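Chemist: Structure incoming, see below.
Bear in mind that the values in this text are calculations on the coordinates, not laboratory data. The shown structure was predicted, so the numbers you read here are calculated from the model rather than taken from an experiment.
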Amino acid sequence: ADEIEKILCHKFMRFMMMRAENFFILRRKPVEGYDISFLITNFHTEQMYKHKLVDFVIHFMEEIDKEISEMKLSVNARARIVAEEFLKN
């Protein structure tokens, strides 16, 4: 991952962690060495379907990746516009 992606990922994860209580299995503070981590307990596996938990985690990570990619494209597009305006003058 490049530097922009790392920065966007860090900022996005901070945003998500502030709302961790809305996601039952999302840890407020990730495990060291990871940007995001989940805490799935025996209670969760008894109360929810296991395959639904797995599907949720996979879908959640795909959506996070998609959001970060879209933000990166947006940042690059804005940087291009700013550079073009700067070079005009």
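Chemist: In sequence order, what are the phi-derived ³J(HN,Hα) couplings for the stretch 23-34 according to the Karplus relation 6.51 cos²θ - 1.76 cosθ + 1.60 with θ = phi - 60°, rounded to whole Hz, with x for glycine and proline?
Modeler: Values per residue, Gly and Pro as x: 10, 4, 10, 7, 6, 5, 10, x, 4, 3, x, 10 Hz.
Chemist: Convert each backbone phi in the stretch 44-57 into a coupling constant with the Karplus relation 6.51 cos²θ - 1.76 cosθ + 1.60 (shift: θ = phi - 60°), then list the ³J(HN,Hα) values in order as whole Hz, x for Gly and Pro.
Modeler: Going residue by residue, I get 4, 6, 7, 8, 10, 5, 4, 5, 6, 4, 4, 4, 4, 4 Hz, with x marking Gly and Pro.
Chemist: On to the next question. Search the structure for amide H atoms under 5 Å from the amide H of LEU26, placed 1.01 Å from N in the peptide plane, and list their residues when 5 or more places away or on another chain.
Modeler: LEU39
Chemist: A further question on this structure: Provide the descending list of Cα extents for the stretch 12-84 along its principal axes, expressed in whole angstroms.
Modeler: Rounded to whole Å, the extents work out to 57, 23, 22 Å.
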